[in-house]
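Shown next, in structure tokens, is the structure this report addresses.
All of the numbers you see were taken from the coordinates with simple rules; none came from a lab. Please read these numbers as outputs of a predicted model, since none were measured by experiment. Cβ coordinates were reconstructed from backbone atoms using ideal geometry, including for glycine residues, and neighbour counts include every protein chain displayed.
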There are 2 protein chains.
Amino acid sequence: MSDGARMRSGGRAARQRVRQAGGPPRPAYLTRTIPPYALLSEEGLVRIEEAADRLLAEVGFEIRGDEEANRLFVAAGATLENGRLRFPPGLVRAIIRASAPAAFVQHARNPARNVVIGGDAVVFAPAYGSPFVTDLDGGRRYGTIADFENFVKLAYASPHLHHSGGTVCEPVDLPVNKRHLDMVAAHIRFSDKPFMGSVTTAARAADSIDLVRLVFGEAFVDRHCVILGNVNVNSPLLLDGEAARVIRTYAAANQAAVCVPFILGGAMGPVTTAGALAQCFAEAMVCVALTQLVRPGAPAILGNFLSSMSLKSGAPTFGTPEPALAYFAIGQLARRLGVPLRCGGNLCASKLPDAQAASESANSLWPALLAGAHFVLHAAGWLEGGLAMSYEKFMIDAEQLGAFHVLAGGLALDEDSFALDAFRSVPPGGHFLGAPHTLRHFETAFYDFALSDSNSYEQWREEGGQDIARRAQKAWRGALAAYEPPPLDPGIADALDDFVARRKAAVADAWY
Amino acid sequence: MSDGARMRSGGRAARQRVRQAGGPPRPAYLTRTIPPYALLSEEGLVRIEEAADRLLAEVGFEIRGDEEANRLFVAAGATLENGRLRFPPGLVRAIIRASAPAAFVQHARNPARNVVIGGDAVVFAPAYGSPFVTDLDGGRRYGTIADFENFVKLAYASPHLHHSGGTVCEPVDLPVNKRHLDMVAAHIRFSDKPFMGSVTTAARAADSIDLVRLVFGEAFVDRHCVILGNVNVNSPLLLDGEAARVIRTYAAANQAAVCVPFILGGAMGPVTTAGALAQCFAEAMVCVALTQLVRPGAPAILGNFLSSMSLKSGAPTFGTPEPALAYFAIGQLARRLGVPLRCGGNLCASKLPDAQAASESANSLWPALLAGAHFVLHAAGWLEGGLAMSYEKFMIDAEQLGAFHVLAGGLALDEDSFALDAFRSVPPGGHFLGAPHTLRHFETAFYDFALSDSNSYEQWREEGGQDIARRAQKAWRGALAAYEPPPLDPGIADALDDFVARRKAAVADAWY
């Protein structure tokens, strides 16, 4: 199936609008009509591409413990010496350009929730991978499957999140070797939005794909993307065998690997942003190229997780200006390469949903959107550099995502928007409150923040003088109380239960 | 003096670096090397210019109670009928293009603090005009001259603020008709950064200019900009006579009027952003044109204060997406017109320095920077839609301004930044912590937030588990305790005292 046909056939369903319970109809994903930000000139972009090529040609890249992946690259023209792959300049780019789709549809079990990943589409997904969860009154503790289900429900209930995410928190109350089954099943049971599968081993990736086959059917899954797998590179310039096998497992099943170098400048990469950026681009390209060698045309996403570190403590930092600049550049590079881009959304280092958390998050979300990121992971809930998933931060972040829908929609410049009739009806120094033009547009004129308080100081104090975190607490409790699961075919539900039970019974629990 | 010469002669001094007490040398203003964001196409910009032209030609603009201003516009080609000026399409733009400088230097009493306003320069100034001040322990109360002096000192002490601002808070303990003297004197005494004068009446504007003449000398002031006056338009499409006289007073003295339509969509303008934007542009152009009719070549700044309102309460809202889009557009329009642009910086509606305040502020600061704003007012301290100046928010905002210095500096793409030697020295999967390249760049690699906490959760909790507002409290108290005034010539200090005393003795106190 060609990329174009892929876009056309899936796009129609994906662009259908979904009516949320009680809310206005919302699109299943955001369509950006404003242009991406062009930080670098053509010359600057070429310099980074050349630096990435030089890294791969002169320093090389190691896939440690996956002979098949090494064999595929050697067959494609790379050299392998002492375990190190070296690539002639331009080789990985050529492999990608030959077959990787610039955009694809990820199907949801509710077709109205299908999302497009690539092009002008933007998809917001919750934060991923926190071992801890936290809320205002409950404090910080290890995540459980109950927390996991709660965050799936909150993402389902939010009109601003298009995706159910993956490991929305680690359910540490479940065995390490079995929790992936419960996680994937929870995404299917408690949401009808698209989601991500396990990547901790190739066998768990295969389990994840087997589970979605029960929902969508084997033939459909072989032809359509229905699950993503988010794979971290072992930066610098290393992919371990298990990660390589996970990438191959997703690609072989025609499912999308998200290939994400994880680079904190100074630790897994150089402290200079240009170098870390070239490295990130090189590493991600190798992994995307691997997907194409496994199965030409398989969907894949180029990932970017590049942050800075504190000069005082060596701790990872977020919301700093250096990664923001890198976002803009990688956005341009991904568009030139012609693959969808993943960026982090509302990243922060703060331990609380305070002003630090919000500034840091905005300093990631703004560049993600303007860079033209297509799949924005960690868009809601993230605290402490990803160590904790916060119930309150989830709601605060989601509200910002809503605002970015309006921002991404751009300025309407039609005749009515210029409101000449309104100006004719209001005298100089007068007001527009009762003007027919105002009444005609009032309800849809401005994005209406639900959690932000714009009332007078007096009214705000009368209502308890709360900060936004306290209002967010009320909001997530309300959303969970009002939650109703989307319908699920009982036959599919039984098949899922059966599969999970059989898989669990087959091996003993492992806790590490 | 030509614009070019103005830039060249002032630029050298302004680009000198200032060594802050204890800190690294910092430039006196930010130089943006990253390109502005191009939201709209040429066609879209022309549509807005045409809409502005239509407003001024068909609806008109009233200057109520200043015959001289009306006379100047009629002499330049406008028509006046029933008090309403109407302008042939393109007239105000032609007046501005004929003589208004695209960039100018605002001189400070310390030449190393001179700032460029226009071009690639960005100047950050504190928030302006709050009747209230607030801090964590002291709570919210009316501002006093002691608070005013504190904020002048904090702006002086911050390497991230380039400007002392104007009415950093209202000193409501001083008579309304005399407080402008104390405010201007405080800017001169407690700081050596550039600042703004009074705009509440033309006489107070004249007093402000007389005061700076004592510092810089009459001849210097006649040839150089040393003070700004921030004048609000009485939107929609009205300028009252006193405001017009204030603009004329600054322009006649060759000082820069900042011409700022104050538009909350739905109240002083239409709810549709395109209409409010065309209105804002039209109103600001008329005022900038007035400065040029008074004195061709006088410096002036095109202002933009355009926000939305709550659909629930009619309260002004900040950090919403509609004004962000307007920022980008007005930035493009100002560049086409060739005049410096003022935007608001860290605006918010929140009553506290919480996550709401920080999100809203970021949603103003990001578009201000990327729009290419030259003079960013309200860049630190603003809460409650401008009703309160917060000591903690001031410090939190300033830290973000520091980050934007790095962001605006862009990506270094030199050979050393690509760090090939570092990659050669680190094996795949290794780390860069001890690499010579890392050690060579470590200290300057990343922007180092002072107030943001990136430590481990355990360490953060051990240190008190504070949010950023509490850490900011410690910071502003420390900055005030460490404050030392910049040297001031005793003869000038005496002359200021004498002038203020004489002016105060001349009339009785007025409190309204």
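Below are the figures for this structure:
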| quantity | calculated |
| --- | --- |
| DSSP-defined antiparallel bridges as percent of all bridges, the protein assembly as shown, nearest 5 | 45 percent |
| Rg/Rg_ref, region A:149-202, where Rg_ref = 2.2 N^0.38 Å and atoms are Cα | 1.09 |
| Span from the region A:85-101 Cα centroid across to the region A:351-372 one, whole angstrom | 33 Å |
| Peptide B:430-438, shielding by other chains (average Cβ, 10 Å cutoff) | 5 |
| Helical contribution to [θ] at 222 nm, DSSP H n ≥ 4, -39,500 (n - 2.57), averaged over chain B, rounded to 500 | -14500 deg cm²/dmol |
| Counted charge near A:L237, where neighbours are those whose Cβ lies closer than 10 Å (Asp, Glu -1; Lys, Arg +1) | -1 |
| Tilt relative to chain A, helix A:391-409 - C-alpha long axis, 0 to 90 degrees, to 10 | 80 degrees |
| In degrees, nearest ten, helix A:145-157 long axis to first principal axis of chain A (Cα) | 60 degrees |
| For region B:384-512, alpha-carbon Rg and Dmax in angstrom | 24.5, 79 |
| Cα-based helix-to-principal-axis angle, B:321-337 vs chain B, degrees rounded to 10 | 70 degrees |
| Gyration tensor (Cα) of region B:182-302, equivalent ellipsoid semi-axes in angstrom | 28, 15, 12 |
| Across the protein assembly as shown: Cys residues that no other cysteine approaches within a C-beta distance under 4.7 Å | A:C169, A:C225, A:C280, A:C343, A:C348, B:C169, B:C225, B:C280, B:C343, B:C348 |
| Modelled FRET efficiency - R0 45 Å, A:T200 with B:K474, Cβ distances, 0.05 increments | 0.60 |
| Residue mean of other protein chain beta carbons inside 10 Å, A:396-404 | 3 |
| Convex hull (Cα only) mean projected area of region B:316-393, reported in nm² to one decimal | 4.6 nm² |
| Whole-angstrom gap from region B:126-204 to region A:182-226, using each part's C-alpha centre | 60 Å |
| Shape of region B:179-223, Cα gyration tensor, a/c cut at 1.5 | oblate |
| For chain B: rounded, prolate or oblate by the Cα gyration tensor [a/c cutoff 1.5] | prolate |
| Calculated label separations, A:D421, copies of the chain, 7 Å along the beta-carbon direction, nm | 7.0 |
| Cα-based Lys proximity count in chain B, under 15 Å, for pairs eight or more positions apart or on separate chains | 4 |
| Per-residue Cβ neighbour rank within 10 angstrom, fewest leading, A:C259, B:C343 | A:C259, B:C343 |
| Residue order, fewest to most surrounding Cβ atoms within 10 angstrom, among A:T320, B:T249, A:T79 | A:T79, B:T249, A:T320 |
| Per-peptide average of other Cβ atoms within 10 Å, ordering A:276-286, A:169-179, B:97-107 highest first | A:276-286, B:97-107, A:169-179 |
| Distance (nanometres) between label positions extended 7 Å along Cα→Cβ at B:E43 and B:R336 | 1.4 nm |
| Simple label model, 7 Å out from Cα along Cβ direction - A:L433 to B:E443, nm | 6.0 nm |
| Shortest-first distances to equivalent copies, position B:V507, nm, label 7 Å out along Cβ | 8.5 |
| Sparse-neighbourhood loop sites, trypsin sites (Lys or Arg not before Pro) in region A:235-343 - DSSP loop, at most 15 other Cβ within 10 angstrom | A:K312 |
| Of all DSSP beta bridges in region B:227-353, antiparallel share, percent nearest 5 | 10 percent |
| Pairwise label distance in nanometres, A:V74 with A:K504, each label 7 Å out on the Cα-Cβ vector | 4.4 nm |
| Number of partner chain Cβ atoms within 10 Å, mean per residue of B:459-469 | 3 |
| Part-to-part distance (alpha-carbon centres) for region B:261-321 and region A:433-512, which is given in Å | 36 Å |
| Cα-derived Rg over Rh, computed across the protein assembly as shown with Rh taken as Kirkwood radius | 0.99 |
| Antiparallel DSSP beta bridges within chain A, as percent of all bridges there, nearest 5 | 45 percent |
| Ascending count of other beta-carbon atoms within 10 Å, so fewest first, for B:K193, A:K393 | B:K193, A:K393 |
| Cα shape, region B:110-221, gyration tensor, a/c 1.5 rule | oblate |
| Per-peptide average of other Cβ atoms within 10 Å, ordering B:498-509, A:218-229, B:357-368 highest first | B:357-368, A:218-229, B:498-509 |
| Cα radius of gyration and Dmax for region A:34-159 (Å) | 21.4, 58 |
